[in-house]
1. For the range 54-114, which fully contained strands (runs of 3 or more DSSP E) count at least 1 residues that are under 21 Å from Pro41 (Cβ atoms)?
2. Restricting attention to the range 1-16, which residues are open to solvent by 60 Å² or more (accessible area, probe 1.4 Å) and in a loop (DSSP other than H, G, I, E, B)?
3. Could you check Pro87 against (1) touching a residue at least 24 places away in the same chain (Cβ under 8 Å); (2) surrounded by 15 or more Cβ atoms within 10 Å (Cβ to Cβ) and say which number it fails?
4. Please find, among Gly54, Gly99, Gly65, the residue that is more than 18 Å from Val2 (Cβ to Cβ), out of contact with any Leu (no Cβ under 7 Å at 6 or more places or on another chain), of a type in the set (Gly, Ala, Ser) and at pLDDT below 95.
5. Does the range 18-36 contain any residue that is open to solvent by 60 Å² or more (accessible area, probe 1.4 Å) and either free of Cβ contacts under 8 Å to residues at least 12 places away in the same chain or within 10 Å of the chain's Cα centre (by Cα) (or both)?
Amino acid sequence: QVQLVESGGGLVQAGGSLRLSCAVAGSIESINAMGWYRQAPGKQREWVATITSGRTTYYTDSVQGRFTISRDYAKNTVSLQMNSLKPEDTAVYYCHVRGQYDYWGQGTQVTVSS
C-alpha cells in the first residue's frame, strides 16, 4: 500500500520561509511527475508546482520566483522550498504523485501571519 507522508508545515511570519517534504512509502511504478497542491479555507484545491521525471519544473504564477520544487530520486522524496511567504500562501498543502494512478498525501498546514 502506498502512502505519501508529508512534513514541514507550520506557522511563519510574512517574509519567512518553510520547507515541505513528502516521502513515498511503498512502491509506485513509473512515476511521471511529483508535485504540490494547496487548498485555502473556502477555496478549491489549486495546483502549486510540479517536477517531472525529466526534472522539468513548473510553477503557478503566484509562487514563481519564491518557491522551488525538488526531488530526491534516491530517497523518493519531493520537497517544496517556500521563501518570501505571504499571508495568501496560507493553506493546507498536499503532496501529489502521478504514476499509473494519482496518489495524495494527507496534507500539512501552512499558516503565514501578517
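The values are calculated or read from the model by the stated rules, or taken from the named source; none is laboratory data. Just so you know, these numbers come straight off a predicted model, no measurement behind them. With ideal geometry, Cβ positions are generated from the backbone for all residues, glycine too; neighbour counts draw on all protein chains shown. Surface accessibility is based on the protein's heavy atoms, side chains included, excluding ligands, DNA and RNA. Shrake-Rupley method; radii C 1.70, N 1.55, O 1.52, S 1.80 Å.
1. Values: elements: 57-59, 67-72, 77-82, 91-98, 102-104, 108-113.
Here the list reads 67-72, 77-82, 91-98, 102-104, 108-113.
2. Across the range 1-16, the qualifying residue is only Gln1.
3. Checking Pro87 against (1) touching a residue at least 24 places away in the same chain (Cβ under 8 Å); (2) surrounded by 15 or more Cβ atoms within 10 Å (Cβ to Cβ), the one that fails is (2).
4. Answer to the check: Gly54.
5. yes
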